[in-house]
Amino acid sequence: MVSPRHDDAIERLYVHNDALVGRVLERLGADDVLMVLSDHGFTSFRRGVNLNQWLLRNGYLALVEGADGSSEWLRDVDWSRTRAYVLGLTGLFLNLRGREGQGIVAPGEEAAALKTELTSKLSGLVDAETGAVAIREAFDPAALYRGPYLENAPDLLIGYDVGYRVSWECAAGVVRGEVFEDNVKAWSGDHCVDPRLVPGVLFCNRPIDREHPALVDIAPTALWLFGVEPPPHMDGRVLFDA
């Protein structure tokens, strides 16, 4: 629940920003384009998911002998027996041979089969304690994106459901603990979830000619407005016809 004091602060912030947009609009010329956008929305973060612990319990990750998984940054992981791991807020990675220092998963068919297997098991993962779905869908970036920077993406993107996010310890490479746990920190909201659940906002002073504009459309649109042809590998569409 938002306290009255916080609620008042949020309202005053909206009023201030609305006035700022108004002052900018007053100064625009006939050919100027103004876009006001956010890169995402927000939702609640009530339960954390330790996917490293899930990977351990399901045989995809192993610990070195005598370790309890409490060390940060995956220092307790036995890489000779680990096929997948999690580090950070949204990504799951394969211990890929030739890419990771001690990779054991062969690129190609073996890696593709492992991604398919993990996607199937993680999509729709249920929190047994609450009965709620914790992960709506696991996404393969190779099916979503293209271009020369695809190799920088995780091997799977995890689309958490409302109320869920990767746990604080899992994000730091800790394995120990339960798969699901309450988030007891003051940071009780987040956007590192299924992006379809946290759409942003977009205001523009000109009519937009595309349905369902997305964040990836802004970069090619900005290039187009400045007379620069977007490169072929760039995701997104120009939002204007003319």
Item to check | Meets criteria (in a helix (DSSP H, G or I), acidic (D, E) and on the phi < 0 side of the Ramachandran plot) for E110 | outcome: yes
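Each row is one residue, and each column tells you yes or no for (1) in contact with a Lys or Arg (Cβ under 9 Å, 6 or more places away or on another chain); (2) in a strand (DSSP E or B); (3) basic (K, R); (4) at pLDDT below 95.
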site	(1), (2), (3), (4)
G103	yes, no, no, no
E129	yes, no, no, no
R146	no, no, yes, yes
E151	yes, no, no, yes
Y164	yes, yes, no, no
V175	no, no, no, no
E178	no, no, no, no
V184	no, no, no, no
Checklist outcome for this item: The number of residues in segment 92-101 that are over 19 Å from L63 (Cβ atoms) and either in a helix (DSSP H, G or I) or of a type in the set (A, V, I, L, M, F, W, C) (or both) is 1
Checklist entry - Give me the pairs: first residue in segment 224-242 and of a type in the set (F, W, Y), second residue in a loop (DSSP other than H, G, I, E, B), beta-carbon distance under 8 Å, and six or more apart or on different chains, which are they? => result W224/P230; W224/V238; W224/F240; F240/R206; F240/I208; F240/D209
Checklist entry - Restricting the search to segment 153-162, which residues are touching a Lys or Arg at 6+ places or on another chain (Cβ under 8 Å) and under 14 Å from G88 (Cβ atoms)? => result D155, L156, Y160
Item to check | Residues of segment 1-17 classified as at pLDDT 90 or above and surrounded by fewer than 11 Cβ atoms within 10 Å (Cβ to Cβ), total | outcome: 6
Item to check | Matching residues, segment 51-85, being among the aliphatic types (A, V, I, L, M), over 19 Å from S123 (Cβ atoms) and out of contact with any Phe, Trp or Tyr (no Cβ under 8 Å at 6 or more places or on another chain) | outcome: L56, A62, L63, V64, A67
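Matching residues to (1) touching a residue at least 40 places away in the same chain (Cβ under 8 Å); (2) buried (at least 18 other Cβ atoms within 10 Å of the Cβ):
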| position | (1), (2) |
| --- | --- |
| L25 | yes, no |
| V33 | yes, no |
| F42 | yes, no |
| W54 | yes, yes |
| L61 | yes, yes |
| A67 | no, no |
| T82 | no, yes |
Checklist entry - Mind checking whether some residue in segment 84-91 is surrounded by fewer than 18 Cβ atoms within 10 Å (Cβ to Cβ), more than 20 Å from the chain's Cα centre (by Cα), at pLDDT 95 or above and outside any strand (DSSP E or B)? => result no
Item to check | Lone qualifier among D241, D235, D209 - being exposed (fewer than 11 other Cβ atoms within 10 Å of the Cβ) and either touching a Pro at 6+ places or on another chain (Cβ under 8 Å) or part of a loop (DSSP other than H, G, I, E, B) (or both) | outcome: D241
Item to check | Considering residues of segment 131-144 that are free of Cβ contacts under 8 Å to residues at least 40 places away in the same chain and assigned to a strand (DSSP E or B) only, the residue surrounded by the fewest Cβ atoms within 10 Å (Cβ to Cβ) | outcome: V133
Checklist outcome for this item: From the option list G177, G200, G173, G147, single residue qualifying as farther than 26 Å from E72 by Cα, in contact (Cβ under 8 Å) with a residue 12 or more places away in the chain, of a type in the set (G, A, S) and surrounded by 13 or more Cβ atoms within 10 Å (Cβ to Cβ) is G200
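The values are calculated or read from the model by the stated rules, or taken from the named source; none is laboratory data. Given the structure is predicted, the values throughout are model-derived calculations rather than measurements. Note: ideal-geometry Cβ built from the backbone for every residue, glycine included; neighbour counts use all protein chains shown.
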